[in-house]
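The values are calculated or read from the model by the stated rules, or taken from the named source; none is laboratory data. Remember, it's a predicted structure, so these values are computed and weren't measured experimentally. In this analysis, Cβ positions are derived from the backbone assuming ideal geometry, glycine residues included, and neighbour counts consider all displayed protein chains. Note: areas computed on protein heavy atoms with side chains; ligands, DNA, RNA excluded. Shrake-Rupley method; radii C 1.70, N 1.55, O 1.52, S 1.80 Å.
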Amino acid sequence: SKVTPNGDGMWRCEKCAKDFEKKSNRYVLQVSLKDDSGTAWVTAFGDNASILMNHKSADEIEKLRETDEDAFDQAFEATQDKKFRFVLRLKREEYQEQ
């Protein structure tokens, strides 16, 4: 569930109506994949996204964003132009009947 800061150092989950001392980040990573046939935008979650980010957890990436912007940028730049083998699950979505 998504949590939001409640102002006193705690994190509030509106779904379950509880406050927590700590939060745990999860990846929802938008990725552009390309090969000889073209380019596709996909979303990578959890462990799969962590693999793309050189096995750094979402919490580690957040800490870099807060403490070392250059290292944060480098973490993303290091993923560019690498070769991976993917197995994709596709879901067709329509927007305004298109």
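Observations, loosely collected:
- Matching residues in region 54-72 - criterion: being open to solvent by 70 Å² or more (accessible area, probe 1.4 Å) and either of a type in the set (Ser, Thr, Tyr) or in a helix (DSSP H, G or I) (or both): Glu60, Lys63, Arg65, Glu66, Thr67, Glu69, Asp70
- Residue selected from region 78-98 under the condition surrounded by 12 or more Cβ atoms within 10 Å (Cβ to Cβ) and not β-branched (Val, Ile, Thr), by the criterion nearest to Ser32 (Cα to Cα): Phe86
- Number of residues in region 41-53 that are part of a helix (DSSP H, G or I) and either β-branched (Val, Ile, Thr) or in contact with a Cys (Cβ under 9 Å, 6 or more places away or on another chain) (or both) equals 1.
- Test: residue in region 72-89 that is among the aliphatic types (A, V, I, L, M) and within 30 Å of Lys22 (Cβ to Cβ): yes
- Residue, most open to solvent (accessible area, probe 1.4 Å), within region 14-40, restricted to residues that are among the hydroxyl-bearing types (Ser, Thr, Tyr) and not in a strand (DSSP E or B): Ser37
- For Ala75: the one exception among (1) at positive phi; (2) open to solvent by less than 50 Å² (accessible area, probe 1.4 Å): (1)
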